[in-house]
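One structure is given here, and the rest of the page talks about it.
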2 protein chains.
Amino acid sequence: MSQYRTFTAADAVEYARQFGGVADLVDSLEVGDGNLNLVFKIFDTKGISRIIIKQALPYVRCVGESWPLTLDRARIEAEVLNIHGQFCPEHTVKILHYDPQLAVMVMEDLSSLAIWRGEQVKGVDYPQAAAQLGEYLAKTLFHTSDFFQHPHQKKADVARFTNPELCDITEELFFNEPYEVHERNGYPRALEPLVASLRTDDALRLNVAALKHRFLSNAEALLHGDVHSGSIFVGDNTLKVIDAEFGYYGPIGFDVGSALGNLLLNYCALPGLLVPREAADAREKRLNDVRRLWRRFSERFLALAAENSRDRALAYPGYGDAFMRKIWQDTLGFCGTELIRRTVGMSQVADIKEIDDETMKIECVRQAITLGRTLILAAHQIDDIDALIARVRQNG
Amino acid sequence: MSQYRTFTAADAVEYARQFGGVADLVDSLEVGDGNLNLVFKIFDTKGISRIIIKQALPYVRCVGESWPLTLDRARIEAEVLNIHGQFCPEHTVKILHYDPQLAVMVMEDLSSLAIWRGEQVKGVDYPQAAAQLGEYLAKTLFHTSDFFQHPHQKKADVARFTNPELCDITEELFFNEPYEVHERNGYPRALEPLVASLRTDDALRLNVAALKHRFLSNAEALLHGDVHSGSIFVGDNTLKVIDAEFGYYGPIGFDVGSALGNLLLNYCALPGLLVPREAADAREKRLNDVRRLWRRFSERFLALAAENSRDRALAYPGYGDAFMRKIWQDTLGFCGTELIRRTVGMSQVADIKEIDDETMKIECVRQAITLGRTLILAAHQIDDIDALIARVRQNG
């Protein structure tokens, strides 16, 4: 009955009528700007967007049918968001319905909100957003970790969220290609000497290998897997995370580091995006975001570990703090790899792309790369969030 | 056709005739002395044991039907042994046939060999055994790790070897019960003050929590999961590992630490098992075993990492050495938990049980517990195998 077929605009409206729980849906618009999926906004008779339909395509959209990609990612995305929504409903997009055969999700409409990255690029501040993202990370990661989950449930979920094809993308784009000569890399040619120096930096390569190894083997919690400011809607005192198709059981620091890395990318890009005084002001706000995100994440996670841990050994007083030091180290390292893969590698971000002045762009990219390298190399000498912020300022 | 039924002696003979590839099988004897399974030796017309049939029971044999246990463990055992046999045929028992419905394995007969623990208890030395076990560990663990396995294959195997019920036993017996007041614990009452001091040792409890957390979350390689001297047959220049039903993807140091822990348990027990001069001599041999096992394991694993790593990031020169330092730390910690769980906890070993003199037994157990505690607490100060051996001598 529900064999896979690619949705037309009319199909999307019909499907939304059936499963969206909203009357008077009449029209749709395909707005997918990502690399992988169809995304339809479904409008009511007043022309208001009420429902979102997202359908996975059986190939990488931005490449074409020559790069096939599993439809199973729609199941994973929907199930990750359902689980995250169970533990942090306030910051997880609501899934109204999903069909694994059609690889379709019906979601709440978030059109009244804005994508955080776009707002950061324009220099618009959302002072609550960083803490809210910290809250999301703490609640979703704690409750899917060994602290809280029954071991049988966790083992079953590790198997259920096996996500080989999407993890493959991360394994390549984060941990391999930026440190190799690779056709997919996207850095400015002027930075060739800097990028070449990454390839031959033994200490850096060994630390990146260790980070990749932890990405491959440390099943600490059910990650979102792609937490960046383009996967986050913000509004007045509201934050909603979307796009969890990269979800799998991995190291907690990967999600936290990706989140911080995108804030720091924006920090590095701001001098190219805004006039000097505005840029300086926005940079301070971004550093505040970095501090607030980490503080809320770590405080909330530790409070949950102290109060709600179910595992008898991990509940021992003080173990949460010991484990948080490990998360911090991982966070710094993965944050560094995010800075590098978004500048050297294939997946470039609007924060950099929107810089018009070529010289300025190169300087911003240079800063992001050197900061990334510092975080990967010096993680063990960066003891806490204040030390991180001092390093960021030192970097330029 | 092959629905589960408990084998009689006659069933076992019939089954061995069908799947053992040996003619003239006429008789059988149930010899299972473990806690979980039926084990039949199948004899030919000359009364020579030719084939082993092992059948999992749907409950814990030594407790009874009140403690049910999954039959899926027979599948896991057979598949782990098949994979380990693919990478280290010389030291893995050969599986001739298995049936997941009947939870039955048909295996090569190893009656000409002896269980290593029994030999160690008697003071019989097998000078090649430790290096052979190191070889087994290096080959099986390297080839099932991220260094060698394709990420898709590894992820599929992590799911395939999800082993919740058997892991549960380890999680309880290794990491919880010895550090709690628990009815299943089996230490001598005279050691109550020492054992009580473990429960309140914050640093110890935090390190044990971290080890348990790594056991729960670090899917580094397909472990045997229960490598102890009672799961190993030895003979002249021969060693065969059996009993892999605890297999799952876990931290490499768990298998290596369990193996070393059992050698050190024997070291601690020897003064109670042999007359003083023999005991002193056997203890030196055991320390040599400890050194040889680690050396062969680490050298072989590093050679494989240097030559056969398929992962581009993990193949970076020197990463194997960096990772080996992590394995070493884990090995010390898990070795410490093995020493404690075999003396304080439920699963006592013959090395200790066979000591007749009660005062001597208490002294040997005390030594094993204090050594275990030292290894868990001081792992970061024990840099290499010589430092470990120095610590063992210091302990008494």
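When we screen A:Gly320, A:Gly345 for residues that are away from chain B (no Cβ under 12 Å) and surrounded by 17 or more Cβ atoms within 10 Å (Cβ to Cβ), the only hit is A:Gly345. Take A:Leu110 and decide whether it is away from chain B (no Cβ under 14 Å), open to solvent by less than 50 Å² (accessible area, probe 1.4 Å) and either in contact (Cβ under 8 Å) with a residue 12 or more places away in the chain or under 30 Å from A:Glu14 (Cβ atoms) (or both). Spelling it out, A:Leu110 is indeed away from chain B (no Cβ under 14 Å), open to solvent by less than 50 Å² (accessible area, probe 1.4 Å) and either in contact (Cβ under 8 Å) with a residue 12 or more places away in the chain or under 30 Å from A:Glu14 (Cβ atoms) (or both).
Of the residues contained in region A:62-69, none is found to be open to solvent by less than 40 Å² (accessible area, probe 1.4 Å) and over 30 Å from A:Lys353 (Cα atoms).
Residues in region A:289-317 that are of a type in the set (D, E, K, R) and away from chain B (no Cβ under 14 Å) were compared, and the one that is least open to solvent (accessible area, probe 1.4 Å) is A:Asp289.
Scanning region B:129-160 for residues that are under 19 Å from the mean Cα position of the chain (by Cα) and either within 14 Å of chain A (Cβ to nearest Cβ) or among the charged types (D, E, K, R) (or both) returns B:Glu135, B:Lys139, B:Leu141, B:Phe142, B:Thr144, B:Ser145. Candidates are the residues of region A:182-206 that are within 26 Å of the chain's Cα centre (by Cα) and within 9 Å of chain B (Cβ to nearest Cβ); the one that is farthest from B:Ile327 (Cα to Cα) is A:Arg205.
In region A:161-181, the residues that are more than 10 Å from chain B (Cβ to nearest Cβ) reach residues that are of a type in the set (Lys, Arg) with C-beta atoms within less than 8 angstrom, at least six apart or across chains, in these pairs: A:Leu166/A:Arg73; A:Leu173/A:Arg184; A:Leu173/A:Arg341; A:Pro178/A:Arg341; A:Val181/A:Arg199. Among the residues of region B:216-242, those that are closer than 22 Å to B:Gly336 by Cβ, in contact (Cβ under 8 Å) with a residue 60 or more places away in the chain and more than 7 Å from every other protein chain (Cβ to nearest Cβ) comprise B:Ala221, B:Leu223, B:His224, B:Gly225, B:Val227, B:His228, B:Ser229, B:Gly230, B:Ile232.
As a summary of the residue check, B:Cys268 satisfies the conditions (1) surrounded by 24 or more Cβ atoms within 10 Å (Cβ to Cβ); (2) closer than 21 Å to B:Lys240 by Cβ except for the one numbered (2).
So for region B:274-288 (the condition being of a type in the set (Lys, Arg), under 20 Å from B:Ala129 (Cα atoms) and open to solvent by less than 10 Å² (accessible area, probe 1.4 Å)), does at least one residue qualify? Scanning region B:274-288 turns up at least one residue that is of a type in the set (Lys, Arg), under 20 Å from B:Ala129 (Cα atoms) and open to solvent by less than 10 Å² (accessible area, probe 1.4 Å). Screening the candidates B:Phe161, B:Phe142, B:Phe148 for the property of being open to solvent by 20 Å² or more (accessible area, probe 1.4 Å) and either under 23 Å from B:Thr238 (Cβ atoms) or in the same structural domain as B:Tyr316 (by TED's automatic domain parsing) (or both) yields one hit, B:Phe148. Tallying residues that are of a type outside the set (D, E, K, R) and surrounded by fewer than 24 Cβ atoms within 10 Å (Cβ to Cβ) within region B:220-230 yields 2.
The values are calculated or read from the model by the stated rules, or taken from the named source; none is laboratory data. It should be emphasised that the depicted structure is a prediction, and the values quoted were computed from it without experimental measurement. Glycine also receives a Cβ, built like all others from the backbone with ideal geometry; neighbour counts cover every protein chain displayed. With ligands, DNA and RNA removed, areas are computed over all heavy atoms of the protein, side chains included. Shrake-Rupley method; radii C 1.70, N 1.55, O 1.52, S 1.80 Å.
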